[in-house]
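See below for the structure under consideration.
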Amino acid sequence: MKLYAPSTIKEIREKHGFRLSKSLGQNFLTDKNIIDRIIESSDIGPEDLVIEIGPGIGVLTAEAAQYAGKVAAVEIDRNLIPILEETLAPYSNVTVINQDVLKTNLTELVERCRGKGGVKIIGNLPYYITTPIIMKILEDHVPADSITIMMQKEVADRIKAGPGSKTYGALSAAVQYYCTIRQVAAVPKEVFVPQPKVDSSVLKLDIRKQHPVELIDEKMFFVCIKSGFGQRRKTLLNSLTGAAGLSKDAVREILNAVHIDPVRRAETLDLDEFAAIANQMTEHIKNHQE
Ligand code: SAM
């Protein structure tokens, strides 16, 4: 059965009386080439565990199951569970978990299901929670090798953006700190049923084994990024004042010590500069506590 064919999707919906939920971001993929690109670039081996987020009716799941040791697919919509039981019946290595991915302990899921191989996360993400899903995986340090995911083009562009670009922000800096990023495909809105309003992109995020900057305290690095971009029009002197309880004078002293002009804005800083400021903040706080 060609699960990705619009006629199959229609047949399944009619048979099960399934109504698509707009609020759950249900836009099903109908293009075999894009499905193949996601699976091929995920580089799935026979000992690997694949975690899929939002399997829908199982187009990516069925494909991944043919290459992986195991697939664990997390789907929030309980109306899709009987459908998945049917469409994935030929694959004994698939487990479907009826849960909200944002409330799922993915580290525990990986530990419970992983085999001898790697861990690959895939998905055509529900667009209303793309950023929280990515940040949850990264901030929780889920032990995965890579995340190959479809998202709205605009979010992918923000993730890829570098300093000086209008779309460079906290999301770009955070994802670039944790991962190396590669665009796998540009995807037009016409290949989904129902058709969303925006185009999409598939990104492969390879989780770094070693971070690109040395930090005394990772939390301080993120305080710095979040405060800096929280008020991105403000100068660093103003946007960082109050971060970690620091006074304006302290922030001025910290920026001077790392030779960063206090009138610059967060959107001009690269990861090395954020790290320098964060490390200096950590030192400053330590020295003033003693
Ligand atoms: N993978 C399928 C495909 O490519 O055709 C479906 C993708 S669809 C864009 C997103 C899927 O994520 C839907 O099946 C939706 O029900 C599911 N979903 C939405 N919110 C979710 C959540 N919080 N946790 C898990 N799954 C979710």
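The values are calculated or read from the model by the stated rules, or taken from the named source; none is laboratory data. Computed from a predicted model, the values in this text were never measured in an experiment. Reconstructed Cβ throughout: ideal geometry from the backbone, glycine too, with neighbour counts over all protein chains shown. The protein model used for the area step is the full one, side chains on, heavy atoms only, and it has no ligands, DNA or RNA in it. Shrake-Rupley method; radii C 1.70, N 1.55, O 1.52, S 1.80 Å.
For this structure, a couple of remarks:
- Each other residue within a Cβ distance under 14 Å of Leu205 adds +1 if Lys or Arg and -1 if Asp or Glu, for a net charge of +4.
- For region 109-228, the solvent-accessible area of protein heavy atoms averages 43 Å² per residue (probe radius 1.4 Å; ligands and nucleic acids excluded).
- Helical runs assigned H by DSSP (4 residues or longer) give the chain a calculated mean residue ellipticity at 222 nm of -12000 deg cm²/dmol, each run adding -39500 (n - 2.57) before division by the residue total.
- Region 135-185: relative contact order as a whole-number percent, Cα under 8 Å and 6+ apart: 29
- Accessible carbon and sulfur surface of the chain relative to its total accessible area, %, 1.4 Å: 49
- Spatial offset of region 3-39 relative to region 91-167 amounts to 20 Å, using the alpha carbon center of each.
- The chain: relative contact order as a whole-number percent, Cα under 8 Å and 6+ apart: 15
- Count Lys and Arg as plus one, Asp and Glu as minus one, and take only other residues whose Cβ is under 12 Å from that of Thr167; the net charge is then +2.
- Excluding same-chain neighbours fewer than eight residues apart, the lysines reachable from Lys136 by a Cα-Cα span under 19 Å are Lys103, Lys120, Lys160, Lys204, Lys209, Lys219, Lys226.
- Relative contact order (%) - criterion: Cα under 8 Å, at least six apart; region: region 240-281: 35
- Note on Lys197: lysines with a C-alpha under 18 Å away, same-chain residues under 8 apart excluded, are Lys22, Lys153, Lys189.
- Cβ-based charge dipole, region 1-71, positive-most Cα from Tyr67, Gly54, Ser23: Ser23
- The trypsin sites (Lys or Arg not before Pro) of region 20-125 that meet both conditions, a loop assignment by DSSP and at most 13 other Cβ atoms within 10 Å of the site Cβ, are Lys22, Lys116.
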